[in-house]
Amino acid sequence: MAGKLAIIGASGKCGGATLNALLENSLIPASQIVTLTTSQPGDEKWTALSSKGVEVRHASFEDPASMEKGLQGISRLFLVSSPRIKLDFNEAPHGQGREKDHFVAIDAARKSGVKHVYYTSLAFQNPSKSRVMKAHERTEAYLKGLSDIDWTIIREGLYNESWPLYLGHYKIGADGRSEIVVAGDGPICWTSIPDLGLASALVLAAPAEQYVGKTFYLSQTKSPKTLKEIADMVSAATGKKLTLKVVPRSEHEEHHIGRGLDEGHIRWWAKSYDAVKDGECLITDTTLEDLLSSKGRTPKPVEQTIREMLGVA
């Protein structure tokens, strides 16, 4: 495999799981992996990354020059979407949401001679009714408009581990509600972060030409669960009945803002339920299952993740 791989987001959930899978399965040698971080030498995140044997470099979305410097000598870039979700709030105009960070990284990659960008989008449709997909839509379009760099778009499945967010911002261990208010329900193909990490790692380890110019989903397909079913699983795990109440989006927003949650976040997030109830998160692409099968693995059920997170596994 020619050239080094850089990972932006290796300290996060998806990026970290991907890095771990690359190393634990000996898919790419640590000597051929560079991780970019906003941390500095001696910081906890920097030390955690360097302890894995990979090269660590400083780079920041807010400093394009640092990003360009950090990508020198890199052949391929795994760009995990920016965690700075506040950029998306209040109907951010084009170029001012999280895509702003992505554009910085992509342009730095082009200037630094990177040949191929793998971008982690999200497992909604494009276009989507959700607001959380907006930055991904803009980034996907930007990549597809470029002719001087190869790209692969990976729509990562909705995390098993994110069920509390979808379930009315449920607080594990500190949620006394018996009724959860949401703005819609529908089938979701939940997918665990470790499974996404391994599947993403296998994509990165494959010959680059196998995925050039492709857009696909990494999501389990065989056992979608609705939020009503998630609520029932939580009830079973905790022994406390939890019911789901579906209300209009405006009512959902006011309810959760009234609970003291951040207004910008709630209004940005609430349209996710429009997408869920339209079936946008019912995925039929079997790429993840095919990749995991090559390693003798099947997707982890969301039921298991729920029980583990609630401490009753």
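The values are calculated or read from the model by the stated rules, or taken from the named source; none is laboratory data. What you see is a predicted model, and the numbers here were worked out from it, not measured in a lab. Reconstructed Cβ throughout: ideal geometry from the backbone, glycine too, with neighbour counts over all protein chains shown.
Structural remarks
- When restricted to residues that are among the small types (Gly, Ala, Ser) and closer than 30 Å to Ile149 by Cβ, segment 209-259 contains 2.
- Segment 280-303 residues that are farther than 20 Å from Lys225 by Cα, paired with ones that are β-branched (Val, Ile, Thr) and assigned to a loop (DSSP other than H, G, I, E, B) (beta carbon under 7 Å, 6 or more apart): Leu292/Thr298
- Where Arg76 falls short, out of the listed (1) over 17 Å from Gly12 (Cβ atoms); (2) surrounded by fewer than 22 Cβ atoms within 10 Å (Cβ to Cβ); (3) of a type outside the set (A, V, I, L, M, F, W, C): (2)
- Selection of segment 1-37 for residues being of a type in the set (S, T, N, Q), surrounded by fewer than 20 Cβ atoms within 10 Å (Cβ to Cβ) and over 18 Å from Ser112 (Cβ atoms) yields Asn20, Asn25, Ser26, Ser31.
- For segment 197-218, the tally of residues that are out of contact with any helix residue (DSSP H, G or I) (no Cβ under 6 Å at 6 or more places or on another chain), under 24 Å from Pro127 (Cα atoms) and surrounded by 21 or more Cβ atoms within 10 Å (Cβ to Cβ) stands at 1.
- Verdict on Leu227 being in contact (Cβ under 8 Å) with a residue 40 or more places away in the chain, in contact with a Lys or Arg (Cβ under 8 Å, 6 or more places away or on another chain) and surrounded by 14 or more Cβ atoms within 10 Å (Cβ to Cβ): no
- Strands (runs of 3 or more DSSP E) fully within segment 179-290 that include at least 1 residues being over 18 Å from the mean Cα position of the chain (by Cα) and of a type in the set (S, T, N, Q): 243-246.
- Residues satisfying the stated conditions in segment 174-186, i.e. more than 16 Å from Met233 (Cβ to Cβ), touching a residue at least 40 places away in the same chain (Cβ under 8 Å) and small (Gly, Ala, Ser): Ala183, Gly184, Gly186
- Filter result for Ala109 (under 18 Å from Lys134 (Cα atoms) and either at pLDDT 95 or above or surrounded by fewer than 16 Cβ atoms within 10 Å (Cβ to Cβ) (or both)): no
- Scanning segment 239-256 for residues that are surrounded by fewer than 16 Cβ atoms within 10 Å (Cβ to Cβ) and of a type in the set (Val, Ile, Thr) yields Thr243, Val247.
- Subset of segment 73-106 (residues that are hydroxyl-bearing (Ser, Thr, Tyr) and closer than 12 Å to Ala135 by Cβ): Ser81, Ser82
- Residue within segment 97-104 that is at pLDDT 95 or above, surrounded by 22 or more Cβ atoms within 10 Å (Cβ to Cβ) and β-branched (Val, Ile, Thr) present: no
- Subset of segment 274-292 [over 17 Å from Ile193 (Cα atoms), crowded, with 20+ Cβ neighbours inside 10 Å and of a type in the set (Val, Ile, Thr)]: Val276
Yes or no, residue by residue, for (1) basic (Lys, Arg); (2) closer than 20 Å to Thr120 by Cβ:
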| residue | (1), (2) |
| --- | --- |
| Ala275 | no, yes |
| Asp278 | no, no |
| Ile283 | no, yes |
| Leu288 | no, yes |
| Ser293 | no, no |
| Gly296 | no, no |
| Glu303 | no, no |
| Arg307 | yes, no |
| Leu310 | no, no |
